Amino acid sequence: MFAYIIRRLVATIPVMGVVAIFVFSLLYIAPGDPAAVIAGDLATSDDIARIHAQLGLDEPFLLRFGHWLWGVLHGDLGTSIFTNLPVTQLIAQRLEPTIALTLTTLVVTITFAIPLGVIAAWKVGTWIDRLVMLVAVLGFSVPSFVLAYVLILVFSVELDLLPVQGYVSIRDGFVPFIQHLILPSIALGLIYGALIARITRASMLDVLSQDYIRTAQAKGLASSDVLIGHALKNAAVPIATVIGIGLALLISGVIVTETVFAIPGIGRLTVDAILRRDYPIIQGVILLFSAAYVLVNLAVDISYTLLDPRVRY
Amino acid sequence: MTKVSTRFLRVAAAVALAALVAVPAAHAQSSGKTIKFIPEADLRSLDPIWTTAYITRNHGYMVYDTLFALDEHFKPQPQMVDTWKVSDDKLTYTFTLRDQLKFHDGQPVRSADCIASLERWMKRDAFGQALAQSVGEMKAQDDKTFSIVLKKPFPLLLDAIGKLSSNVPFIMPERVAKTDANTQITDPTGSGPFKFVKDEWVPGNKAVYVKNPDYVPRKEPPSWAAGGKVVKVDRVEWLYIPDSATAAAAINAGEVDWWQQLPPDLVPLLQKNKDVTVANVDPLGSLGVARFNHLQPPFNSEKMRQAVLYVLDQKDVMTVLAGDEKNWRTCYSYYTCGTPMASEAGAAPLKGKRDPAKAKALLKEAGYNGERVVLMTATDQPIVNAQAQVVAEELRQIGFNVDLQAMDWGTLITRRTVKESIDKNGWSMFFTWLVGPDMINPALNFPLRGNGEKAWFGWPTDDKLEAMRAQWMEAADLEAQKKLAADIQQEAFTSVPFVPTGQFIIPTAYRKGLHGVIVAPVVFLWNVEKE
Amino acid sequence: MAVAPIDIAAPIAQRHWLREAVRRHPTVIAGSLLLLLMGAMALLAPYLGTVDPLSVAPIKRLRFPSEAYWFGTDAYGRDVYSRTLYGARVSLAVGLGVALLSTVIGLAIGLVTGFSRIADAIIMRFMDGLMSIPPVLLAIALMALTKASLGNVVLAITISEVPRVARLVRGVVLSLREQPFVEAAMAAGTGFFRTLWRHILPNTIAPVLVQATYICASAMITEAVLSFIGAGTPPQIPSWGNIMAEGRSYFQIKPYIIIFPGIFLSLTVLAVNLVGDGLRDALDPRLARRM
């Protein structure tokens, strides 16, 4: 098991390497020039050329890549071109809201989606099942920003129940923390929840048709025991897989959600950086996201050993 | 799990959810002595000399002070300066600083700080560069007195060092001002009415300022950037909310106190709320600019540019850009309407009834053959986009082969540096806007200049205009200035460096508890108090 | 699943295949009909009472839906109804374009890497790398490299979808390669390409097709998100995404600008998803349990 983890971690190195090169090259050939953005509207071409040189944007590709890579290996992701602050500091500032949002969304969607999927599987073919599946498909289909606006309009503006925007750290109070995250979690989590509900249902159906379930029922076990004690446990593996895959979906959705709800997280940091060509931030964040994705997948794979005793590495 | 425990969980969850939602204080209200302010943009750079971005200029006004400052009559008034004298030959200006001026780190403001700051400013700013050519030397007599000795008279010296908008000659400590003018400073120490709390700065989200208790304001009442800067709150937070629907909801709910610039179309939404005041506190507004590339066909031909004058309809552009007529006016001048130099000299082609026939005739005379013209617009800048969309359509109507290319602002301002033809990534027209103070006279109005390759993007060449501009800088009095300004404008309507597309005011909104908002072309946070 | 009692008296031939289909797969039929409707609407847009979707009329801006303007007008005075109908073309083009392109490229890559160890080692590393970058982020970054155009949007979204298709195909190929019937075919002297064509490909079609429909749906939403951020189709070309993006600031005063294209987009994506589900059910009953 330990050896497996080590092997997997080592295998991520070439993947991260690819990402690093890809990201760096992408920005290298990008048309926008941060020097022009920095110089401002009133600048002349000379000003821009000067800033360009000063930022080291004139150096050859390999040299710049080398510098950056060296820094990364030392934990230094470079300095933001615009704000002159270290990228690691900028990311650190914004990490908390994004993690809080992502975790809350995970908790909320899993709490609702898995039971819904279980119920749908249990009552397969009935109107409950169809309703759940319909809602799930709808969940896939509505763009999250439309949903976000509708939620704000209904719950914040009309009903005055929840705050419109912003983020409050958990250190400043648990209740405001949660209040600020409810609407964003729903907007973000609907697609994710829909996916989980469907997979749960499918997985459960697969398992429920197995003989040992019928045996358990014949033995006289209560339905909930059968469902949860036997079926869900066995259905857990594909569900865990989807949770892992869904994380990529979540990160994509985080960008829109953070923009609409003005949450100062990494999603917005990245979009702003991309639109302004603040290269060091873009490089740092994409690298970070990829690393996170890889690690999450590793965690999911390891979770298989807990969920399914037949799986051994 | 047993049946009992699952039921218990379900009940507990329901209760918890109900409790959360039922808690009354749903909206985090802004507390007593803090103003939560939504600024016009995200504060990224802290160096108002290094960048001309308006948001950094606004930051500058928070933490720095200036030697002179413009009042509502466009007159430079002493701010940090106590008394000054000018020698009879107009070549030596001697300034004495006020007492008790201190930087945020406790150090007193000395002449050396002022001189170093002015030197750095003169390297970057166009007005400053013009001044620098006349300056012989700047020397300090003692810590509170210094003089500027000129080689030749520069009547606008006080206007220059009292400049209202970017770049403003803010006074920084000497050690900071000695930073190379092409490198950003990182130390925001100033001597202004607020202190910047750098530890709480989250770029892209929040910038925090606290009152500077050691600041000694002048006694006069505030008037634009001049007069006493009395801070009446403890703390100001700049919260950048990029989504205007969210910002509107936030101010309606009381989560922020003041929204600096709201999209004019949202005004009716906020007016419905009796706790929010919507006002126009900007007397000069902003001016739209439609800029040509003078180096490449077709707009290297004067006739082609003139043709545009006959079809561009300021009313249409402004309606789309600013909505209700309360928010805009036509301005058929190359200067900011409502200021001394503005007039309608030579404006007939732009002002009169739209004449597509005349425009088409001019196109024919110029030999236009349907060549493609590239108009650049930025999707993330509504003011730019509004102008581009309307003008593109107007040009299409008279037979231009318009290729409207959309990109984000970052790409646009990179692309506009390209001087090549359109098949080498060049461009034909782009759109932008300037705030009123930046266009009030030939000295400040940089799009009006005709110094060819050294000019602002578009690179018009107009030696006649340049000569007249030089004369204006040395004009004896207001009357002479006005006459020269009108002459320059006549020339401009012939050579058409750009087309002014109208004057618009972006409204501001604040909650009813806020008082003392200064009516000025730049947003100032002093004098504002909160109940 | 309860089946309605069969009318024993009626001869079997009279049980119309269409009615059967509708009864058994109501959602799929609904989805397909909806999709056909959207497609027809897109194609016939000029004949359905529309005006030029690009014509700007500042005087008429931000009007509520009325007799003259069925869905109202937007900030430039353009008719939202016309833009929505023409927008169908763009959104459908993006969806279909991405689905087609990513399927073809993904198939090619998947087949190659399924068969060649070396290609597998090199290319799949690259695919893994691409896959680990969140798709929307990747698309935005790619769009930032180029100027806004329909083609570039399709390309950018395709690039972010290809790795998953490739992985899927590769998986199928890998598992099929070891199957006895493939080995038998190769042993019997069937050429590599014939094996590919007659044995491998048909088995990849089913999952790839299902995947393609889901890609189509997600591409349409991704385009909307890209436009929302400002990195999507050029603003004057109507697509459901950028109509909504332009209308978002007015949401509280003129919600119709977002609501109409939003409904159309949701319905179309819903339709595609339903069709995808149906395809999956039809092509592989085993898969039906999986999802």
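The values are calculated or read from the model by the stated rules, or taken from the named source; none is laboratory data. All of these numbers come straight from a predicted model, not from anything done at the bench. For neighbour counting, all protein chains shown are included, and Cβ atoms are generated from backbone atoms with ideal geometry for every residue, glycine included.
So the values come out like this:
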quantity: Among (1) within 22 Å of the chain's Cα centre (by Cα); (2) more than 10 Å from chain B (Cβ to nearest Cβ); (3) buried (at least 19 other Cβ atoms within 10 Å of the Cβ) - the single one A:Ala120 does not satisfy; calculated: (1)
quantity: Those residues of segment B:477-491 which are in contact (Cβ under 8 Å) with a residue 12 or more places away in the chain and closer than 23 Å to B:Pro155 by Cβ, in sequence order; calculated: B:Leu478, B:Gln481, B:Lys482, B:Leu484, B:Ala485, B:Ala486, B:Asp487, B:Ile488, B:Gln489, B:Glu491
quantity: Residue selected from segment B:379-391 under the condition surrounded by fewer than 22 Cβ atoms within 10 Å (Cβ to Cβ) and touching a Phe, Trp or Tyr at 6+ places or on another chain (Cβ under 9 Å), by the criterion nearest to the other protein chains (Cβ to nearest Cβ); calculated: B:Asp380
quantity: Test for B:Asp88: is it closer than 26 Å to B:Leu46 by Cα, charged (D, E, K, R) and in a loop (DSSP other than H, G, I, E, B); calculated: no
quantity: So B:Glu302, is it acidic (Asp, Glu) and more than 26 Å from B:Ala392 (Cα to Cα); calculated: no
quantity: In segment A:257-268, residue farthest from the other protein chains (Cβ to nearest Cβ) [restricted to those that are more than 13 Å from A:Gln165 (Cα to Cα) and not basic (Lys, Arg)]; calculated: A:Ile266
quantity: Of the criteria (1) in a helix (DSSP H, G or I); (2) away from every other protein chain (no Cβ under 13 Å); (3) at pLDDT below 85; (4) surrounded by 14 or more Cβ atoms within 10 Å (Cβ to Cβ), which one A:Leu101 fails; calculated: (3)
quantity: Of all residues in segment B:476-503 being outside any helix (DSSP H, G or I) and within 16 Å of B:Arg291 (Cα to Cα), the one that is nearest to the chain's Cα centre (by Cα); calculated: B:Gln503
quantity: Test: A:Tyr192 is touching a residue at least 40 places away in the same chain (Cβ under 8 Å), aromatic (Phe, Trp, Tyr) and over 22 Å from B:Ile38 (Cα atoms); calculated: yes
quantity: Condition broken by C:Phe181, with the remaining ones in (1) within 19 Å of C:Asn203 (Cβ to Cβ); (2) crowded, with 22+ Cβ neighbours inside 10 Å satisfied; calculated: (2)
quantity: Pick from segment C:25-76, criterion more than 14 Å from chain B (Cβ to nearest Cβ) and among the hydroxyl-bearing types (Ser, Thr, Tyr), ranking: farthest from the chain's Cα centre (by Cα); calculated: C:Ser66
quantity: 3 or more residues under 25 Å from B:Asp71 (Cα atoms): qualifying helices (runs of 4 or more DSSP H) within segment B:118-223; calculated: B:126-134, B:157-161
quantity: Number of positions in segment B:72-83 that are part of a strand (DSSP E or B) and surrounded by 16 or more Cβ atoms within 10 Å (Cβ to Cβ); calculated: 4
quantity: Filtered residue count, segment C:116-161, keeping only those that are aromatic (Phe, Trp, Tyr) and buried (at least 24 other Cβ atoms within 10 Å of the Cβ); calculated: 0
quantity: Criterion violated by A:Ser224 - all others in (1) within 11 Å of chain B (Cβ to nearest Cβ); (2) crowded, with 22+ Cβ neighbours inside 10 Å satisfied; calculated: (2)
quantity: Qualifying residue in segment A:132-139 (condition: at the interface with another protein chain (Cβ under 7 Å from one of its Cβ atoms), at pLDDT 80 or above and farther than 14 Å from A:Ile186 by Cβ); calculated: yes
quantity: Residue in segment C:259-266 that is among the β-branched types (Val, Ile, Thr), within 14 Å of chain A (Cβ to nearest Cβ) and under 23 Å from A:Met133 (Cβ atoms) present; calculated: yes
quantity: Residue list for segment B:325-350, filter: over 15 Å from B:Ala486 (Cβ atoms) and surrounded by fewer than 17 Cβ atoms within 10 Å (Cβ to Cβ); calculated: B:Glu325, B:Lys326, B:Gly338
quantity: Enumeration of residues in segment A:141-162 that are at pLDDT below 80 and either buried (at least 22 other Cβ atoms within 10 Å of the Cβ) or not aliphatic (A, V, I, L, M) (or both); calculated: A:Ser156, A:Glu158, A:Asp160
quantity: Residue within segment C:61-80 that is closer than 30 Å to A:Val294 by Cβ and buried (at least 24 other Cβ atoms within 10 Å of the Cβ) present; calculated: no
quantity: Filter result for B:Asp243 (within 23 Å of the chain's Cα centre (by Cα) and within 14 Å of chain A (Cβ to nearest Cβ)); calculated: yes
quantity: Residues of segment B:404-423 classified as of a type in the set (D, E, K, R) and more than 13 Å from chain A (Cβ to nearest Cβ), total; calculated: 1
quantity: Filtered residues of segment C:245-258 (kept if more than 7 Å from every other protein chain (Cβ to nearest Cβ) and part of a helix (DSSP H, G or I)); calculated: C:Ala245, C:Glu246, C:Gly247, C:Tyr256, C:Ile257
quantity: Filtered residue count, segment B:208-234, keeping only those that are crowded, with 19+ Cβ neighbours inside 10 Å and either away from every other protein chain (no Cβ under 14 Å) or at pLDDT below 95 (or both); calculated: 11
quantity: Number of positions in segment B:101-125 that are within 14 Å of chain A (Cβ to nearest Cβ) and surrounded by fewer than 18 Cβ atoms within 10 Å (Cβ to Cβ); calculated: 1
quantity: Some residue of segment C:149-164 being within 21 Å of C:Leu96 (Cα to Cα), of a type in the set (A, V, I, L, M, F, W, C) and touching a strand residue (DSSP E or B) at 6+ places or on another chain (Cβ under 8 Å); calculated: no
quantity: Hits in segment A:246-291 (condition: among the aliphatic types (A, V, I, L, M) and free of Cβ contacts under 8 Å to residues at least 12 places away in the same chain); calculated: A:Ile274, A:Leu275
